[in-house]
């Protein structure tokens, strides 16, 4: 599997296996980075003083969360481009435009639709307008 092509190009098609593998890699990457960010900014539950007043505990939690927003935003932006590239290739495999990724913005049903279409349904058999069948059929 050519990871550089998979994560950086919006051209071509990909099947379900590379899609799920890339989602797994992204999830692990984001979990590790967010764990480190939470640890560095003291957002863990173990950093809350049990003797603090509720107002002081809330203020400490808010300070930790506000400090984490920029690093988490950067992580989100770093993962956005490759995620969209992978989604686009899966939409292409279903013989649809990559713009279908915008369905995720439809509340409730959009995320379900995206999951079913990209994660569970097979791509079109044979070549389509986006390229040859990634399974070689």
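If R0 is 25 Å, the Cβ-Cβ spacing of residue 133 and residue 103 corresponds to a FRET efficiency of close to 0.60.
The calculated 222 nm mean residue ellipticity attributable to helices in the chain amounts to -20000 deg cm²/dmol, summing -39500 (n - 2.57) over DSSP H runs of n ≥ 4 and dividing by all residues.
Counting alpha carbon pairs within less than 8 Å and at least 6 residues apart, what relative contact order, in whole percent, applies to the chain? Can you show the working numbers first?
Values: 133 pairs, mean separation 51.1, N = 137.
Taking the mean separation of contacting Cα pairs over the length of the chain, I get 37 percent.
Helix 16-41 and the longest principal axis of the C-alpha atoms of the chain enclose an angle of approximately 10°. Modelled spin labels at residue 26 and residue 74, positioned 7 Å past Cα toward Cβ, are 2.1 nm from each other. Packing around the peptides 58-65, 83-90, taken as the average count of other Cβ atoms within 10 Å per residue, puts them in this order, highest first: 83-90, 58-65. Look at where the Cα atoms of the range 1-41 and of the range 107-135 average out, and the two centres are 18 Å apart. To the nearest ten degrees, helix 54-93 and the longest principal axis of the Cα atoms of the chain are 10 degrees apart.
Relative to a virtual label point 7 Å from the Cα of residue 10 in the Cα→beta-carbon direction, which members of the range 98-131 show backbone nitrogen distances below 18 Å? Under 18 Å, as judged by backbone N against the label point of residue 10, lie 98-105, 129-131 of the range 98-131.
Values quoted throughout were computed directly from the atomic coordinates according to the rules given, and no laboratory measurement underlies them. Fair warning: this is a prediction, and the values are worked out from it, not measured in the lab. Note: ideal-geometry Cβ built from the backbone for every residue, glycine included; neighbour counts use all protein chains shown.
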